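The values are calculated or read from the model by the stated rules, or taken from the named source; none is laboratory data. No experiment lies behind these values; they were computed from the predicted model shown. No Cβ is skipped: glycine too gets one built from the backbone with ideal geometry, and neighbour counts run over all protein chains shown.
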Amino acid sequence: MGLLLSSAIAILMTRYLYLAFLIPFLLIYLLRNYKSNKSKYLIMIFLFLFFFIYSGARYDFLNSSNTGSGIVYNKTTTEFGARYYIRNSLLNKTLLYSEDDSIEEGDIVRYKGEVSDFSENTMPLLFNEKIYYNSIGINNKIKKCELNYVRDSFFKPLFNLKKRFRNEYEKSLNENAYYLSSGAILRKTEDNIIYDKMEFAGLSHILSTSGLHVAIIYGFLFFLIGLIIPNLKPRVFISLLIIWIYGFMLVFPPSLLRALIMITILEISRIYFPNITNKKALLIAFEISLFINPYYLFNISFILSYLCMFGIIFIRPHIRNSFKNRGNYIVEYFALNISIILATFPVVIYFFNRYNIFSIIWNFIFIPIFSIYINLSFLFLFISKIFILNNIVSAILNIMANGIDYLLTITSFNFSRIVLPSPNIFTILIYYFAIYIYLNRTFLANRFYCEVKRLMPILIGFTIMFIVFNRDYDFVQFLDVGQGDSALIHVDHKNYLIDSGGDLTRKGFVGKNILEPYLIKNGFRNIEAGFITHFDYDHYGGYTELSRDVNIKFLVSDHLPIKNYEDIEIDEFVNRLIKMNKRNIELGQRFKFVDMIYDKSTDFENNASLVLKLMKDDINIALFTGDIEKEAEEKLLDSDLHSFILKVPHHGSKTSTTTEFLKRVSPKYAIISVGRNNKYGHPNGDVVKRLNEICEVYRTDMDGLVTFDLENYRIYTFLNNENYYEYIYYLILLVASFYTIEKVGKRDELYKLFKKDQI
């Protein structure tokens, strides 16, 4: 409950009604059997007070200031300058952008700049900058910073040590070995040339510092220290001290923090509390992590780290017991890999959408090799100044790295990687419910009739939700691609794209980071035809930036570029075009596109735009106008323009959307595709006023994704819909809190944990 309140206050202070419902509910749960739950009740009161005070302290930092000071704990360089990660205090971190590249990790600085809001996704399933940075403990973003060095921090020697380690790798190892060692040991994954190959093979977790690395490094340290100090207690505490210092150097990523907490609990329990199991250690680590930062629950590495441990602890024994040769290494390793895959598969697909079907084989081959490689990389840091040993170990690392790179190259089969859409939350719940049934199959078999009666309403509810949320219906979507145009049409189970956006400050961004992820994650990666209204980059650029994971059968336009583009990308792109040579294009049994042909004798690209009308059963649904301006609009006035939806020409520019044109179209809805705070001043105020007088106006910069349901003729916007993820978050915390109270609140458990005769 304390965690629940802490998280709720830190995340959304406006949900008082929701909290007002939860708090009495929890209190009723405890007070119902007060006499038998006194210990739980006292624990609840303590957690409530402690976490409530803690959450208030966290919330104090959510209101950011444009000035401050703190320790630089991480630094990365960009094409525009440097990005600094600042720890202001125990509970608060800040992200700074500055052209000043002189500050180093471990420095204490004062800063002054412009407060900037973290961006949030405006289309479903896309990257949410705010949630991501909150999930790593960063609450504020400051741009255009002026930095003043104050002094070295107390921790500067540790940051210098990390820098020295990186320099040692760079100086002594070849390129492959440098990227492997610095990635696996020091978490350097940016600009890592070998990382993409490992990601393709389903091995990127090897370079993501987590439980595997902690276990290997801790075991290595424990062995080395044991050669000098055979006594168990000092070996454990010295090894733990070193591994926590190592974690501090890497700034405690969530997966590493989980591993450090668990290994600390288990190693100390080996001495003092032998009754603490892996299950209890995992639960305690989960609660401690969320106390440190409630937003960890939205962090990908946090989620996958705990799901991996869930698979190892809960699923692995069941898989292992299904084999006769349980002690066999191959069986044990197979059970380990299968349990992790089963525990993480839907979440991996949800976030990454790509899966290598041979990953279990590659893991079987590569993980033993990497275990040796990680140990040697760690050993190298301690012997780097010993000339002979340095040369020997670096030579071995170079040979192994080249061998690994070669193996990764020859195992990179294109057919081995599958691309899947993100499953919805209810599909994921059904998946894990099936795992629950599998893990409890014996118990359920013994009580089959009773359990089926109890679970039937849940199964029926899941089935209904699955059907509702997987309903395939026809729609038109206006995508938020910034200052550009893109519309997705889904009719008769087929997809069509009109324009693709492009630029958003730099080429490659829209296609790779917005359009492609959206199409893949939402199950629209197979496009029957991609239409290009005209050849301005903010309309066609996204097409040129898509990878082969998005399959577009045809690219269609009714003309070639009017301008003389001096861009090789355009030339290659034009070679793929098919010229639209007929006015009507059938999209299925009920839908068709009509090209509103008019005289295009113009040297102005905007007025050469392809104008398409979407029709359903001879009813005009939507008019797509590209960037046409007044001159082209006048040529269309004699055509049948009336439509439910008007895609407003040229992003709402003052040179378009004349009164006469609007009267002819007479739309019920108008959609303006426009970027936030764009430099062109779009949309024009007079245009918006004219539109508001005759129809409802939607803007992608304010409403995000705009969807028109072609079955019930209703319109929906992404940014105005209720965010149900927040409630799922509360539900998970509620269940975790209940489970903790049930397990830890028992008097015999408390006695075993805290009254144990301490040695």
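Assorted remarks:
- Cβ-Cβ under 7 Å pairs, at least 6 apart or on other chains, segment 244-266 side touching a residue at least 60 places away in the same chain (Cβ under 8 Å), far side outside any loop (DSSP other than H, G, I, E, B) and among the charged types (D, E, K, R): 249/162
- Taking the listed residues 250, 227, 221, 241, the one that is in the same structural domain as residue 367 (by the TED database) and within 30 Å of residue 346 (Cα to Cα) is 250, with no other qualifying.
- Only one of the listed residues (302, 314, 310, 366) is closer than 26 Å to residue 407 by Cβ, in a helix (DSSP H, G or I) and touching a residue at least 12 places away in the same chain (Cβ under 8 Å). That residue is 366.
- Output for segment 151-177, where each listed residue is touching a residue at least 24 places away in the same chain (Cβ under 8 Å), part of a loop (DSSP other than H, G, I, E, B) and farther than 20 Å from residue 102 by Cβ: 173, 174
- With respect to (1) crowded, with 20+ Cβ neighbours inside 10 Å; (2) at pLDDT below 90; (3) touching an Asp or Glu at 6+ places or on another chain (Cβ under 9 Å), the lone exception for residue 122 is condition (2).
- Odd one out for residue 621 among (1) touching an Asp or Glu at 6+ places or on another chain (Cβ under 6 Å); (2) surrounded by fewer than 22 Cβ atoms within 10 Å (Cβ to Cβ); (3) of a type in the set (A, V, I, L, M): (1)
- Residues being of a type in the set (Gly, Ala, Ser) and surrounded by fewer than 22 Cβ atoms within 10 Å (Cβ to Cβ) - total across segment 644-682: 4
- Number of positions in segment 81-130 that are farther than 18 Å from residue 66 by Cα and more than 28 Å from the chain's Cα centre (by Cα): 6
- Of the listed requirements (1) within 26 Å of the chain's Cα centre (by Cα); (2) at pLDDT 90 or above, residue 316 misses just one: (1).
- Annotation: of all residues in segment 369-419 being charged (D, E, K, R) and in contact (Cβ under 8 Å) with a residue 24 or more places away in the chain, the one that is nearest to residue 194 (Cα to Cα) is 405.
- Residues in segment 145-165 that are in contact with a Phe, Trp or Tyr (Cβ under 9 Å, 6 or more places away or on another chain), of a type in the set (S, T, N, Q) and surrounded by fewer than 17 Cβ atoms within 10 Å (Cβ to Cβ): 148 only.
- Within segment 384-434, the residues that satisfy the criterion of being in a strand (DSSP E or B) and surrounded by 13 or more Cβ atoms within 10 Å (Cβ to Cβ) are 417, 419.
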